[in-house]
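To start, the structure under review is shown below, and the notes come after it.
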Amino acid sequence: MTRSSTDQHTTQPVETGDVVLPSNALSIPEILAWHSIPQELITAMAGSSLAEGLERVIHFAPLPLTPGIPLALGGASGSGKSLTLAKLAARYARQARQSKGKLRQPLVLACDSTPGSYIKLASILRGCDLELVKAYGGMDPEEIDGQDRIILVDLPGLCVYSPTAMTEMREVIDRTKARLSLVVPAGMDPEESTDIAAAFHHCGADSLIASRMEQAGRIGSIITAAACGLSLTYGSYSGSINEGFTQLTPAILARRLLVLPG
């Protein structure tokens, strides 16, 4: 990983109140360590620019979202998956509205029966031109006319260490015939995110969305999760459903690792 000669000089992190921030004078490996990225990944990224190193250990790709094929968003409780789903739904609802009838409005299947979850999702999606359907336990989209429209599935938050919870998630995926995508928040413990990503990958997930990137300094959880074999797609930078949702690239992620939000 290369940086200017002045940036290679090693200094201690800067203390701001009770929070220790990385100094601009730290080397890139030291900054990556500050993000709690494991040493083996730091070593794998060494020898080139940070963007090139990221591209070696992570696969970046568009979100696999195709009309008529449901995409289920899952993750741990509190991971921001419902807001992430709402951002996607709002984006495609706008596209449908602007198409003047050429595109159908999105369909959202609310499969989380946790008390209050449906009301919360409906509140987030209020004002969006889409169809929201209660589908606790899952539902075959063919029963609701899902042809040629974007279909998003809101899964219950779960603990991947619970065999029962994982089995229930797989059953919902099977009933909805959905592809599975994982939502991982910035700031999560990287080892925890690795466990979650590995479990979702085992269940068939092939893509990853990073959430809450505006709320955390350390984002090592995103790197470690993506390194488990999930393609990194979008990053969420805002609590609004209408902004702060970007297709991540090696260059964008490298900049975010080096520059804290503020």
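Bear in mind these aren't lab numbers, they're just calculated from the coordinates by the rules spelled out. Since this is a predicted model, take the numbers as computed values, not measurements. Glycine also receives a Cβ, built like all others from the backbone with ideal geometry; neighbour counts cover every protein chain displayed.
Counting only aspartates and glutamates at least 8 places from K100 when in the same chain, those with an alpha carbon closer than 15 Å to its own are D129.
Extension gain for E52-A122 works out to 21.1 nm (0.36 nm per residue, less the C-alpha to C-alpha distance).
Extension gain, D145 to A251: 0.36 nm times the residue separation minus the Cα-Cα distance gives 34.2 nm.
Work out, step by step, the length gained on full extension between K100 and T164: first 0.36 nm times the residue separation, then minus their alpha carbon distance; give nm to one decimal. Could the numbers behind the result be given before it?
Numbers: separation 64, 0.36 × 64 = 23.04 nm, distance 4.47 nm.
Length gained, K100 through T164: 18.6 nm.
Distances between every pair of Cα atoms in segment 71-258, grouped in 5 Å steps from 0 to the bin holding the largest one, split as 1, 8, 17, 21, 21, 16, 10, 4, 1, 0 percent.
Each of D145, D154 was scored by other Cβ atoms within 10 Å of its Cβ. Arranged with the fewest first, they read D145, D154.
Please give the calculated 222 nm ellipticity per residue for the chain, where each DSSP H segment of at least 4 residues contributes -39500 (n - 2.57) and the sum is spread over every residue; nearest 500 deg cm²/dmol?
On the way: 9 runs with 91 residues, N = 262.
Roughly -10000 deg cm²/dmol at 222 nm, from the helical runs in the chain.
Relative to the longest principal axis of the chain, what angle (0 to 90°, nearest 10) does the C-alpha long axis of helix 81-98 take? In the chain, helix 81-98 runs at an angle near 60 degrees to the longest axis.
Listing T114, T224, T176, T249 from fewest to most neighbouring C-beta atoms within 10 Å gives T114, T249, T176, T224. Build a GNM of the chain with springs between Cα atoms under 10 Å apart, and of G220, G204, G78 the one that fluctuates most is G78.
Put in line by how crowded their Cβ is, counting other Cβ atoms within 10 Å and starting with the fewest, S221, S79 read S79, S221. Label separation (A61 vs S238): 2.9 nm, computed from points 7 Å beyond Cα along the C-beta direction. Quick check: from the Cα gyration tensor, does segment 107-151 come out rounded (a/c under 1.5), prolate or oblate? It is oblate, given that a/c is not under 1.5 and a/b is not larger than b/c.
What do you get for the angle between helix 190-202 and the principal long axis of the chain? Use alpha-carbon atoms, 0 to 90 degrees, nearest ten. The answer is roughly 40 degrees.
Computed on segment 71-258, with alpha-carbon pairs under 8 angstrom and 6+ residues apart, the relative contact order is 24 percent.
The angle between the Cα long axis of helix 163-176 and the main principal axis of the chain comes to about 50°, on a 0 to 90 degree scale.
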